[in-house]
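Comments concern the structure below.
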Amino acid sequence: MSDSSPHEDAADVFAERARAKYGDSIAHLVVFGSTARGETRGVDSDVDVFIVISDPTIERPLRDLAYDVGLEYGLVFSVHTLTAERFDARKDHPFVRTVFEEGRSYA
């Protein structure tokens, strides 16, 4: 029996599928918020994901993938994406710094 929450399991599955399908275009994939902190509150908590992509055409397919995984687990994903160029310009933004400091990276 797993000690992880459904949120953590769903995040792991999403990251695995996203990396398998779009790995060459994903620079960073980080799960943050209550899921990363282990503070989820059932269906009232979403799974927050921050993704830096080199190919903007994968943004919609990644959101669709998150929706599909969310349906499998009965959870909602909140997907935040930035292109690599926008990330480079904003990597010192407090939100981005917090994501990387407190989040769980799927390298």
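The values are calculated or read from the model by the stated rules, or taken from the named source; none is laboratory data. Keep in mind it's a predicted model, so treat the numbers as computed, not measured. Here the Cβ is made from the backbone with ideal geometry for all residues, glycine too, and neighbour counts use every protein chain on show.
Taking the conditions exactly as written (over 13 Å from the mean Cα position of the chain (by Cα), among the acidic types (Asp, Glu) and at pLDDT below 95), does Glu72 satisfy them or not?
Judged against the criteria, Glu72 is not a match.
Got a sec? Which of Thr40, Thr35 is out of contact with any strand residue (DSSP E or B) (no Cβ under 6 Å at 6 or more places or on another chain), surrounded by 16 or more Cβ atoms within 10 Å (Cβ to Cβ), of a type in the set (S, T, N, Q) and under 18 Å from Ser4 (Cβ atoms)? Outline the logic, then answer.
Numbers: Thr35 fails: out of contact with any strand residue (DSSP E or B) (no Cβ under 6 Å at 6 or more places or on another chain).
Residue meeting the stated conditions: Thr40.
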Next item on the list: Name, by its number, the condition in (1) touching a residue at least 24 places away in the same chain (Cβ under 8 Å); (2) in contact with a helix residue (DSSP H, G or I) (Cβ under 6 Å, 6 or more places away or on another chain) that does not hold for Ser105.
Entry: (2)
Note to self: Among the residues that make up region 2-10, is at least one of them polar (S, T, N, Q) and either surrounded by 15 or more Cβ atoms within 10 Å (Cβ to Cβ) or within 13 Å of the chain's Cα centre (by Cα) (or both)?
What the structure shows: yes
Next item on the list: Would you tally the residues in region 51-82 being over 20 Å from Ser4 (Cβ atoms) and assigned to a strand (DSSP E or B)?
Entry: 7
Item checked: Among (1) more than 21 Å from Arg86 (Cα to Cα); (2) surrounded by 20 or more Cβ atoms within 10 Å (Cβ to Cβ); (3) in contact with a helix residue (DSSP H, G or I) (Cβ under 6 Å, 6 or more places away or on another chain) - the single one Ser45 does not satisfy -> (2)
Next item on the list: Just need a number here: residues in region 83-107 that are outside any helix (DSSP H, G or I), under 23 Å from Glu8 (Cα atoms) and among the polar types (S, T, N, Q).
Entry: 1
Checklist line | Total residues in region 48-95, condition in contact (Cβ under 8 Å) with a residue 40 or more places away in the chain and hydrophobic (A, V, I, L, M, F, W, C) | finding: 9
Check: Which condition does Arg86 not pass, out of (1) more than 16 Å from Ala18 (Cβ to Cβ); (2) loosely packed, with under 13 Cβ neighbours inside 10 Å; (3) modelled with pLDDT of 95 or more, if it passes all the others?
Finding: (2)
Note to self: Filter region 1-32 down to the residues that are touching a residue at least 40 places away in the same chain (Cβ under 8 Å) and either touching a Cys at 6+ places or on another chain (Cβ under 6 Å) or not in a helix (DSSP H, G or I) (or both) and list them by number.
What the structure shows: Ala27, His28, Leu29, Val30, Val31, Phe32
